[in-house]
1. As an exercise: evaluate residue 260 against (1) within 10 Å of the ligand (Cβ to nearest atom); (2) of a type outside the set (D, E, K, R); (3) in contact with a Gly (Cβ under 6 Å, 6 or more places away or on another chain) and give the number of the one condition it does not meet.
2. Which residues, counting only those in region 296-315, are exposed (fewer than 15 other Cβ atoms within 10 Å of the Cβ) and assigned to a loop (DSSP other than H, G, I, E, B)?
3. Only one of these conditions is not met by residue 127: (1) outside any loop (DSSP other than H, G, I, E, B); (2) over 20 Å from residue 12 (Cβ atoms). Which number is it?
4. Which of (1) surrounded by fewer than 21 Cβ atoms within 10 Å (Cβ to Cβ); (2) under 30 Å from residue 301 (Cα atoms); (3) within 16 Å of the ligand (Cβ to nearest atom) is the odd one out, the single condition residue 228 does not satisfy?
5. Could you identify the single residue in 290, 286, 261 that is in a helix (DSSP H, G or I), of a type in the set (Val, Ile, Thr), within 16 Å of the chain's Cα centre (by Cα) and within 19 Å of residue 128 (Cβ to Cβ)?
6. Against the conditions (1) surrounded by fewer than 17 Cβ atoms within 10 Å (Cβ to Cβ); (2) closer than 26 Å to residue 180 by Cα; (3) more than 14 Å from the ligand (Cβ to nearest atom), where does residue 120 fall short? Just the number, please.
7. Tell me yes or no: at least one residue of region 139-157 is in contact with a His (Cβ under 8 Å, 6 or more places away or on another chain), under 24 Å from residue 14 (Cβ atoms), at pLDDT 95 or above and outside any helix (DSSP H, G or I).
8. Given 269, 234, which one is in contact with a Cys (Cβ under 6 Å, 6 or more places away or on another chain), of a type outside the set (Gly, Ala, Ser) and in a helix (DSSP H, G or I)?
Amino acid sequence: MNPIAPKCNVWASSNVADDLASLLDAKDPKQVFLLMDEGSERHCRTLLSPVHSLLAENSIVIPSGDDAKDYRSALAIWDFLSSHGATRKAVLVNLGGGMPCDLGGFCASTFKRGIEFINIPTTLLSQVDASLGGKTGMNLGSLKNEIGVFQMASHVLICSDFLRSLDMDNLLSGFAEMIKHALIHAPEAVDRLLDFDFKNVDYALLHDYVAESIQIKNFFVEADPQEKGLRKALNFGHTFGHAFETFAMRSGNPVLHGFAVGWGMVCELLLCESKMGLDSNVVCHVCEKVSRLYGPHDVRGSEDALIELMTHDKKNDGSGINFTLLPSVGNVAINQIASEAEIRDVFARFADLQNHLF
Ligand code: GLY
């Protein structure tokens with residue numbers, strides 16, 4: 001087990017069963033519970049089979065998908081823990097993507113006022129984002145992550161074996177957050193990420209890039225754990241991105257989070273060019289490469305609905321639509337407000353770019 005972000009107990013693991021067993025032995029918890037969704041139970045559970053303290057009768061399986069990240073699943077988890085006699089010394093292991101990590105973290109943090117939890121993220125998106133940084137929570141109806149608490153996982157185990165079974169779209173989805181991390185904090189990493197060969201994935205190289213990405217996320221988390229200021233840097237690409245994601249979901253054509261963030265980053269880079277003076281050559285180069293990774297996305301005719309969604313984004317504080325922007329690659333300016341006219345201009349330029357490329 002090698003440290004990736006030692007202050008936050010994030011570890012690279014080449015043998016996740018052995019490493020989890022040692023972490024659990026060191027803690028000697030009264031009981032260990034394992035939370036999975038149906039997908040992680042089917043595809044990832046076997047890698048943990050050698051861990052003797054994970055008893056079949058202490059496994060909790062919830063449905064897959066963001067719809068299951070709600071109070072019904074939370075109630076089922078609390079009920080399970082309670083009816084199986086979990087004490088404050090129990091540990092909950094969350095195995096899966098962002099959904100089980102977020103929801104499991106929330107249930108653990110609130111059960112008996114808080115028991116320890118260990119995250120084992122199995123998707124690229126959850127390895128570089130959701131499993132890290134202490135944001136736990138659940139949805140309330142259609143409001144994403146409306147209920148939750150900040151509570152750091154006791155440990156996070158990052159194992160690249162899980163990534164080998166991910167399909168290309170899920171790899172690309174997580175990769176968008178890695179590109180974001182480079183754009184906000186590691187200019188030197190941008191081109192090597194944009195040139196990553198997805199036709200012939202080098203998983204060892206990907207693992208190194210994942211570790212770098214985790215370190216960038218942790219830099220912002222450590223500086224501002226509760227997102228009072230600097231951590232908002234991590235919202236780059238997400239004001240447009242969340243609007244794209246919600247609009248697509250409500251139209252019955254859901255898109256993966258990272259694809260929405262990819263298109264969102266292109267739009268926000270265009271906004272950085274017009275509003276912050278970000279170098280046009282850089283904008284052109286990065287927008288073209290990111291657009292080619294995430295493919296076409298038609299916004300024409302949806303501008304009003306998207307602006308409406310952006311207006312109600314929970315990142316706003318009442319003064320307008322709030323963005324994290326980049327005056328230059330690697331430098332962030334948080335709490336930037338853009339007018340509706342500026343946003344409409346971005347949609348028009350985004351549509352032109354898409355026409356030109358696809
Ligand atoms: N996903 C952004 C953050 O954790 O702050």
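The values are calculated or read from the model by the stated rules, or taken from the named source; none is laboratory data. It should be emphasised that the depicted structure is a prediction, and the values quoted were computed from it without experimental measurement. Virtual Cβ from ideal backbone geometry, glycine too; neighbours counted across all protein chains shown.
1. Status for residue 260: all satisfied but (1).
2. 296, 298, 300, 301, 312, 314, listed by residue number.
3. So residue 127 meets the others, but not (2).
4. Just one mismatch for residue 228, condition (2).
5. 261
6. (1) is the only condition that residue 120 fails.
7. no
8. Checking each option against the conditions leaves just 269.
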